[in-house]
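Worksheet: one structure, shown below.
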Amino acid sequence: MQKNKLLILLSGICASSYAQTITVRDQSSRELLENVVIQDKNNVQVKTNIKGKADVSALLKGDSAFVYQFGYSTKKILLTDATDLSIDLSSKSVNLDEIVFSANRKEESKMDVPYQMEIIKQKDIEFTNPATSGDLLQNTGQVFVQRSQSGGGSPSMRGFEANKVLLVIDGVRMNNAIYRGGHLQDVMTIDPNMLDRTEVIFGPSSTMYGSDALGGVMNFYTKNAQFSSDDKLLVKANAMVRYASVNQEKTGHLDFNLGWKKFASLTNITFSDFGDVMSGSTKLNGYSNLWDRNYFQERVNGRDTMASNKDNNLQKGSGYTQMDIMQRFNIKTGNHMTHNLNFQYGASSFLPRYDRLNGDYTDSTRTKFNWAENGYGPQKRLLAAYTFNFDQKTVVSDNIKVILAYQKIEQDRITRKWQKTARTSQREDVTVLSANVDAYKVIKEKHELRYGLEFTTNDVKSVADTTNSVAGGEGKAQTRYPDGGSKMNAFAVYLSHAWEVNKNFVVTDGIRYSNTSLSAKLIDTTFKATRLPFDDIKQKNQAVTGSLGFTWKSENDYKVCLLANTGFRSPNVDDVTKVFEGKGGVVIVANPDLKPEYSYNFELGISKVIQGKYKFDITGFYTSLTNALVVRDFKLNGSDSATYQGVKSKVQATQNADNAYILGLSGGVQFDFNEHISFKSVLNYTYGRYTNTKTDTVIPLDHIAPVFGQTSLIYKAKNIDGEFFVRYNGKKTIADYSPSGEDNLPYATTNGMPAWFTLNIRTGFNITKSLRLNLSCENLTNNRYRTFASGINAPGRNVIVSLRYKM
């Protein structure tokens, strides 16, 4: 026996005794791994079940076997007669082939897909330990996130942001008729603790997803209720508590699964209390007093007062709370049919608009606030969805999935001017009904068809009133959207096709037809200064989009992708009808003459793997836009100014620009030096301009992030993993700011937004197989900085402690 052990050690084989059952875990996190393949030399295979266990009695005794799983190093073991065996697999940074679900709405190999994609798995989410889904996306180093307040996080992809990128959760589109073109905080309504994985598709994806998918798609997949693999009840639980020093965050999370063979239930609850954010104290050279919070709004004896802030690094008035609940049921009816019920509810407290509260003053000397109150009222998101899945092969399909969904979104805005008594409340309620049917069929092994249809309807109710904050009386206020209600409908059909010409060459193509309609009714004539000269708004738009991609690949070596695709975005209720106060004495008014914007995208992606350990990849793209929607000066009823809330303001509106373009590069390297140490780095560059034919000038597009990226050194060993990483942004000069106002130049410096970097470290320790401790310290040098277009300072030095228990 000793001789055998010595031979196995010298040959690099992990020796263990033969077992009727083998249990496989992640080496560092101790997670049980499902669907791990164990294969003997006769190619007989078994797979681990949901409990990470596999019965290996059918495998060849007294010989070696291989244990492998996507994303992990393959392990060689020796099978001999003895007791049960436990195997640890080490995860890899360089993964040659991963499975993705979102590129064509079905499971497929990432190697066959011509799109640039980023996959965030559950184990990555738990290790990086994000407080919000905005942080989750930022942690990739490939998605730029703007923030107007602590409870905000607006993702930007390839120069597109807000309603020009698409959010999808569990196959249901979140973008609705009031998604605005500025900066959005809706991604923050997704609890990162309830996610199983997230897939990010970069670039236009309208062939599969329709309107809004100009910059890309963020697909969030929540944890699903899991069935038991035998007659025993499957019980799984996951509890986590987290504390962060920079904002005194206190988060508690619990999810638990009860699974039988035909029925399963998953319950998920998270509550977070975020206090005021402390910014860094290490200030940039030449800007020692920039972005100080010297005073804050306080009500004293019924009068607004500029109260002195004892610590001007503490961003008073930035705290909020968030609660998220999810319940999922999974039901099997037969061998090929499953039914899934998915209920999600999220609610925030009042979300202060820190950018407006601390960044807007009535004079250039910054001695008098413009706002006494400004923020979003409790924001609520409700989703109820039913998914039917049928995976029996028929003449027309190998799999059909139907998703029926109901969403209810409540979004309020509460404002009050400095030392004024009138508090204005604008309340928006959006009801969304949707239906998706997706199917695929494999034809003669070489061809795969994906086809389906989508229908959505949005019903928008907008009301507003004013309340006297002292006397309590009520009065009229102008609604943000038409007070008679607004509706928006969309219908689409699509067909996508993949042809595996040979094992090294795949062609992907697709086409989609979309039809959208919008109607809105104006009733109240009180606010004539900013009202359109008619009562009804109606629009109907159609679009045909397509894609054509070529993928050359060689197993364990290289991949070259060439992609040409189109995207479109139909103007929504927010684009066409909204009225609101912009920054710097501007009022944004409705424009019913908008047309859809279209994008034509060309990109080339190249990746190369050397010895299975070193990966290099780069993607270059060029996107041409026609009828691009931008905010610029406008005339309403023949005038370039209007009185809004008692103030004469410059009029602007969303309008179609003639031509625009965005180009960029995204590159990365990943090295697995050995089983324990890895290196990863990504860098992104984007440049965008549009042509103003009225003035014959070329103008910077808004939402174009400066150069940004992230570089990491990763360590993994048994029961412990760690990462040291540097996050960085380049400078955004004044010349590169858009004049539309969406880039928030008033919240930057007189020279634009300076470059910045942060040093960060995080670690995870397994105290037991069920209990894990995570420790992190972000922004080690306590730098004070802001990300581009943000109205709040980024957090300073932040110590994060979390404890997670799993069973």
Quiz prompt | Test: residue in the range 470-479 that is in contact with a Leu (Cβ under 9 Å, 6 or more places away or on another chain) and farther than 27 Å from residue 411 by Cβ | solution = no
Self-check item: Selection within the range 303-348 - among the hydroxyl-bearing types (Ser, Thr, Tyr), within 30 Å of residue 420 (Cα to Cα) and open to solvent by 20 Å² or more (accessible area, probe 1.4 Å)
Solution: 305, 308, 321
Self-check item: Single match in 329, 390, 369 (criterion: of a type outside the set (Lys, Arg) and under 26 Å from the mean Cα position of the chain (by Cα))
Solution: 329
Exercise. Kindly check whether there is at least one residue in the range 144-159 that is open to solvent by 10 Å² or more (accessible area, probe 1.4 Å), in contact with a Gly (Cβ under 6 Å, 6 or more places away or on another chain) and within 29 Å of residue 404 (Cα to Cα).
Key: no
Quiz item: With (1) open to solvent by 30 Å² or more (accessible area, probe 1.4 Å); (2) in a strand (DSSP E or B) as the list, and residue 472 as the residue in question, which single condition is left unmet?
Solution: (2)
Practice problem: Output the qualifying pairs, or none if there are none: Cβ atoms under 8 angstrom, residues six or more apart or on different chains, first residue in the range 281-298 and under 13 Å from residue 360 (Cα atoms), second residue among the acidic types (Asp, Glu) and open to solvent by less than 40 Å² (accessible area, probe 1.4 Å). | Solution: 297/304
Quiz item: Which of the residues that make up the range 162-181 are open to solvent by 10 Å² or more (accessible area, probe 1.4 Å) and either at pLDDT below 95 or in a helix (DSSP H, G or I) (or both)?
Solution: 164, 180, 181
Self-check item: Conditions (1) in contact (Cβ under 8 Å) with a residue 24 or more places away in the chain; (2) more than 30 Å from the chain's Cα centre (by Cα); number of the one not met by residue 601
Solution: (2)
Quiz item: If we scan the range 558-565, do we find a residue that is hydroxyl-bearing (Ser, Thr, Tyr), open to solvent by less than 10 Å² (accessible area, probe 1.4 Å) and either part of a strand (DSSP E or B) or at pLDDT below 95 (or both)?
Solution: no
Quiz item: Is one or more of the residues making up the range 682-700 outside any strand (DSSP E or B), open to solvent by less than 70 Å² (accessible area, probe 1.4 Å) and in contact (Cβ under 8 Å) with a residue 12 or more places away in the chain?
Solution: no
Self-check item: One residue from 91, 86, 109 being surrounded by 20 or more Cβ atoms within 10 Å (Cβ to Cβ), out of contact with any Leu (no Cβ under 9 Å at 6 or more places or on another chain), of a type outside the set (A, V, I, L, M) and modelled with pLDDT under 90
Solution: 91
Self-check item: Those residues of the range 406-421 which are within 17 Å of residue 167 (Cα to Cα) and open to solvent by 10 Å² or more (accessible area, probe 1.4 Å), in sequence order
Solution: 406, 408, 409
Quiz item: Is the range 384-401 home to any residue that is in contact (Cβ under 8 Å) with a residue 24 or more places away in the chain, closer than 24 Å to residue 786 by Cα and either in a strand (DSSP E or B) or open to solvent by 10 Å² or more (accessible area, probe 1.4 Å) (or both)?
Solution: no
Quiz item: Out of all the residues in the range 532-544, is one or more within 21 Å of residue 181 (Cα to Cα) and not in a strand (DSSP E or B)?
Solution: yes
Quiz item: Name the residues in the range 486-509 that are open to solvent by less than 10 Å² (accessible area, probe 1.4 Å) and of a type outside the set (Val, Ile, Thr), would you?
Solution: 486, 492, 496
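Listed residues 198, 207; which is out of contact with any helix residue (DSSP H, G or I) (no Cβ under 7 Å at 6 or more places or on another chain) and β-branched (Val, Ile, Thr)? Working first, answer last.
Values: 198 fails: out of contact with any helix residue (DSSP H, G or I) (no Cβ under 7 Å at 6 or more places or on another chain).
Answer to the check: 207.
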Self-check item: Residues of the range 22-62 classified as over 25 Å from residue 264 (Cα atoms), open to solvent by 30 Å² or more (accessible area, probe 1.4 Å) and either small (Gly, Ala, Ser) or at pLDDT below 85 (or both), total
Solution: 8
Quiz item: Within the range 308-326, which residues are assigned to a loop (DSSP other than H, G, I, E, B) and over 13 Å from residue 277 (Cα atoms)?
Solution: 309, 310
Exercise. Give the range 256-282 a look and list any residue that's surrounded by 20 or more Cβ atoms within 10 Å (Cβ to Cβ) and either of a type in the set (Lys, Arg) or more than 21 Å from residue 319 (Cβ to Cβ) (or both), or say none.
Key: 257, 259, 264, 266, 268
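Tell me, which strands (runs of 3 or more DSSP E) wholly within the range 572-659 include 1 or more residues that are open to solvent by 20 Å² or more (accessible area, probe 1.4 Å), farther than 30 Å from residue 464 by Cβ and among the β-branched types (Val, Ile, Thr)? Can you show your working first?
Numbers: elements: 586-589, 597-610, 614-626, 629-633, 641-644, 647-656.
Filter on the range 572-659 gives 597-610, 614-626.
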Quiz item: Which pairs do you get when a residue that is acidic (Asp, Glu), found in the range 635-646, comes within reach of a residue that is part of a strand (DSSP E or B), reach meaning Cβ atoms under 6 angstrom, with the pair 6+ apart or on two chains?
Solution: 640/651
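The values are calculated or read from the model by the stated rules, or taken from the named source; none is laboratory data. What you are looking at is a predicted structure, and each value in this text was computed from that prediction instead of being measured. In this analysis, Cβ positions are derived from the backbone assuming ideal geometry, glycine residues included, and neighbour counts consider all displayed protein chains. Remember, those area values only see protein heavy atoms, side chains included, never the ligands or the DNA or RNA. Shrake-Rupley method; radii C 1.70, N 1.55, O 1.52, S 1.80 Å.
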